[in-house]
Amino acid sequence: MTDPVGELTRFNVISSRVRLARNVRGLPFPGSGRRADPRLLRAMEEGAERAAQGFMDYEFLRMRELDPVRKKALVERHLISPALVRNTATGSVILERSEGVSVMLNEEDRIREQCVEKGFALPRAYSRLNGYDDRLLALLPVAYDREFGFLTACPTNLGTGMRASVMLFLPALRLIGGIEAEIARCIGEYGMTVRGVYGEGSKAQGDMYQLSNTRTLGVTEEDILRSVERAAVEICAREREAAERLARERGEALCDRIARSYGVLTTAYKLTSAELMDLISYVKLGVILHILPLKDTETLDKLLVWCSAANLTAVTGECAPYERDVRRAAIVKSILLKERS
């Protein structure tokens, strides 16, 4: 029996993420300008780490001890934030080795827990993260108010402290000129926010957009999950309609652009990161429209991560930008040709 929602969201929801913001009683918010007691900071770190013990296989990483390439690679994989990287004094992360759950310490809030799952899987991401959060709340005196809920550094997170988001791939809406209207509709009708790949203040790359809730106060965590899911399904439906319209109205030109993009990816001698993002966007659209001989888009999504600047450097070693572009092209070509065979 087919799952209509699953079919609708299969290619266009890349990943699902749930994030919880928590602070500790007695510790000032990071960035408040008030000095935190080092003993309380250590107690917070110990409590957050104890909550991870027996829950997941993890490593504890301090920002001041990581080299710049490793930190940037973690940002590119959405495991830590640029804000955490900048806190070389007290910033750290508890990172699940399988990279599902990460717990950032001393970011905008004292504790920011997150779980990322592949595809359209908000309930699963929430369930996993909630398991860790329950353990954390049993170990630490978290800042909580009976009227306002969890107290957070930013008032927009007050209440549940929860952000649920999905990473959406929306090339057709952009190509028909409908992406801005769709974003405005989501904001007005669902109370959502639509941001770039790396969240607030970032731009869309490779036709990827992050959809998340804006309301955290006066709603339950289940309410948030349902509202984001409903908005995501509707956007995916609009994206499907836009793709069908493109195929009808610009069929030959679209097929040509997709075929040329695939040809460049499988033959190019060098590829910049920006070129890769643009070309893969068209190739993914070609898979969705059954124009190209690839089974799905999962490998293409992985290529964007594997071949991002810092992750590529972490694997192949330091080199000049030109040489990195050559290595990127070789990896992409090898993997795509293997997928086709």
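What follows draws every value from the coordinates through simple rules; no lab data is involved. Not measured: the values here are computed from a predicted model. When we count neighbours, we look across all protein chains shown, and the Cβ atoms used for this are built from the backbone with ideal geometry, even at glycine.
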For Gly119, other-chain or 5+-apart residues with amide H closer than 5 Å (H placed, Pro excluded) are Ser15, Ser16
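Calculate the tail of P(r) for the stretch 295-341: the fraction of all Cα-Cα distances greater than 11 Å, expressed in %. List each step's numbers first, then the result.
Numbers: 726 of 1081 pairs.
For the stretch 295-341, the fraction of Cα-Cα distances above 11 Å is 67 percent.
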For the stretch 86-167, the Cα gyration tensor yields equivalent-ellipsoid semi-axes (√(5λ), largest first, whole Å) of 20, 17, 13
How do the peptides 263-274, 68-79 rank, highest first, by the average count of neighbouring beta carbon atoms within 10 Å per residue?
68-79, 263-274
Please give the Cα centre distance for the stretch 92-163 versus the stretch 268-317, rounded to the nearest Å.
31
Report the per residue volume, in Å³, of the convex hull enclosing the C-alpha atoms of the stretch 251-340.
78
Of the options Val315, Ile176, Ile335, report the single residue whose Cα projects farthest towards the positive end of the charge dipole of the chain (beta-carbon charges: Lys, Arg +1; Asp, Glu -1).
Val315
If the reach is capped at under 12 angstrom between alpha carbons, list the aspartates and glutamates near Lys295, excluding any in the same chain fewer than eight residues apart.
Glu339
Mind checking which helices in the chain clear 15 Å along their axis (Cα) and have mean Kyte-Doolittle hydropathy of -1.0 or more, DSSP H runs only?
38-52, 122-139, 179-190, 221-249, 251-267, 273-288, 321-340
What nm value, rounded to one decimal, do you get for the distance between Val326 and Ser127 when each label is placed 7 Å out toward the C-beta?
4.9
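For every helix of n ≥ 4 consecutive DSSP H residues, a contribution of -39,500 (n - 2.57) applies; sum these over the chain, divide by its total residues, and give [θ] at 222 nm rounded to the nearest 500 deg cm²/dmol. All intermediate terms of the calculation are to be shown ahead of the outcome.
Values: 13 runs with 169 residues, N = 341.
Counting only the DSSP helices, I get -15500 deg cm²/dmol.
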In Å and whole numbers, how far do the C-alpha atoms of the stretch 183-341 stretch along each principal axis, longest first?
53, 42, 24
Most mobile of Gly191, Gly47, Gly177 in a GNM of the chain (Cα contacts under 10 Å)
Gly177
Rg in Å to one decimal, and Dmax rounded to a whole Å, for the chain via C-alpha atoms:
21.1, 66
Send over the semi-axes of the stretch 1-103's equivalent ellipsoid, whole angstrom and largest first, taken as the square roots of 5 times the C-alpha gyration tensor eigenvalues.
31, 17, 15
In nanometres, the difference between 0.36 nm per residue of separation and the alpha-carbon distance of Glu234 and Arg77 is 53.9 nm
